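The values are calculated or read from the model by the stated rules, or taken from the named source; none is laboratory data. As the structure is a computational prediction, the values presented were derived from the model and not from experiment. Quick reminder, even Gly has a Cβ in these numbers, built from the backbone with ideal geometry, and neighbours come from all protein chains shown.
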Amino acid sequence: MTPSTYIGFALLTLTMVALDIWQTRGGNVTIKKAAVWSIFWFLLAFLFAASIYFFWDFYAPDSAYSAEKATVSFLTGYLLEKSLSVDNLFVFAIIFHQYMVPEHLRPRALLWGVIGALILRAIMIAVGAQLLAQYHWLLYVFALFLIWTGIQLARDKGEEEVNPLPEKLIRKFASVTDDFRGNALTVVEGGKRWLTPMAIVIGVIAFMDVMFALDSIPAIFAVTREPFLVLAANVFALLGLRSLYFVLQGMMDKFIYLKPALSFIMVFIGIKMMLVGSAWEIPTPVSLLVLLVTMTIAVIASVMKKRKQQLPSELTIR
């Protein structure tokens, strides 16, 4: 792979990030708009796959891969990373729910989260699968952390906050304002530099990005060892993540049973990570099915609960 290929792809990535920033300007993202852009990012990935098929010799003149093999490897890796990124969406929902991030600030928080994920995954791809394999034990540490967080979320009665490790570290070494100050991460008040809750949200998202990168990068290296294809698949999977989140958010904000559903999902993802590489490893399609069934049950239960709450009031009015 020539340096010019990576430079050209880096410019393409920056252009797509700028486009994503433009389409979420103002912070007002409707379900319809998010759905349209989710389809756009999906089609764009397949358009890039077509470019690999027709211009692979230009992208990688010395590659041992044929154009057909490179195209299939990219699409397989892309679909795998897209599937695994669903886990990220539910964790983002938990973070925003816990920190009560205003809706108009969520696009910017997600932007920083996606950029952080892109940088972290690029570093891990450069490091390579072999080195990651040597630190496989880290998966178990993060898995236990996820399970613990899910249990704490389930036990939380609203009386006290469940503070993740990144928040505890930030608050230990810096002063944090009580409320959000727009998209600002820091503010100066009384001659002193303060962090805002947005900085904590970004810190927690970045921490989760590390965890999910440890899970997903080894998975895609099992599909292809061509670094450029691994990088491209991750970039296209992550770029559509923000739009996909707002499609999900439009439905989740109406859930009465959001917290128990997300608590169960956190524990499930933790168990899934602990079983990676074992004989009991949970296949990606199965994990997706569990997530979808869990959220479907939460939706139906929430709708039924709301209807029961509305019936007494309607009878009283009559």
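Where the second residue is among the aromatic types (Phe, Trp, Tyr) and the first is more than 18 Å from residue 126 (Cβ to Cβ) and lies in segment 1-20, which pairs have Cβ atoms under 9 Å and are six or more apart or on separate chains?
12/48; 16/41; 16/236; 20/37; 20/41
From 130, 152, which residue is among the polar types (S, T, N, Q), within 30 Å of residue 228 (Cβ to Cβ) and at pLDDT below 75?
Among 130, 152, only 130 is among the polar types (S, T, N, Q), within 30 Å of residue 228 (Cβ to Cβ) and at pLDDT below 75.
Mind listing whichever residues of segment 223-236 are aliphatic (A, V, I, L, M) and modelled with pLDDT under 85?
At the first step, the residues of segment 223-236 found to be aliphatic (A, V, I, L, M) are 223, 229-233, 235.
Across segment 223-236, the qualifying residue is only 223.
Going through segment 40-94 one residue at a time, which ones are loosely packed, with under 13 Cβ neighbours inside 10 Å and of a type in the set (A, V, I, L, M)?
43, 47, 50, 64
State whether the residues of segment 79-98 include one that is modelled with pLDDT of 85 or more and hydroxyl-bearing (Ser, Thr, Tyr). So that I can check it myself, show each step before the final result.
To start, the set of residues in segment 79-98 that are modelled with pLDDT of 85 or more comprises none.
No: segment 79-98 contains no residue that is modelled with pLDDT of 85 or more and hydroxyl-bearing (Ser, Thr, Tyr).
Okay, residues lined up against (1) out of contact with any Ser or Thr (no Cβ under 7 Å at 6 or more places or on another chain); (2) in a helix (DSSP H, G or I); (3) exposed (fewer than 15 other Cβ atoms within 10 Å of the Cβ); (4) modelled with pLDDT of 80 or more:
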residue	(1), (2), (3), (4)
259	yes, yes, no, no
276	yes, no, no, no
280	yes, no, yes, yes
291	yes, yes, no, no
307	yes, yes, yes, no
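Identify, by number, the condition in (1) touching a helix residue (DSSP H, G or I) at 6+ places or on another chain (Cβ under 9 Å); (2) of a type outside the set (Val, Ile, Thr); (3) at pLDDT 75 or above; (4) assigned to a helix (DSSP H, G or I) that residue 213 doesn't meet.
Of the numbered conditions (1) touching a helix residue (DSSP H, G or I) at 6+ places or on another chain (Cβ under 9 Å); (2) of a type outside the set (Val, Ile, Thr); (3) at pLDDT 75 or above; (4) assigned to a helix (DSSP H, G or I), the odd one out for residue 213 is (3).
Limited to segment 39-73, what total is found for residues that are within 25 Å of the chain's Cα centre (by Cα) and farther than 17 Å from residue 8 by Cα?
The first filter runs over segment 39-73 and keeps only residues within 25 Å of the chain's Cα centre (by Cα), leaving 39-49, 71-73.
Pick out the ones that are also farther than 17 Å from residue 8 by Cα and you get 39-43, 46, 71-73.
Residues meeting the conditions: 9.
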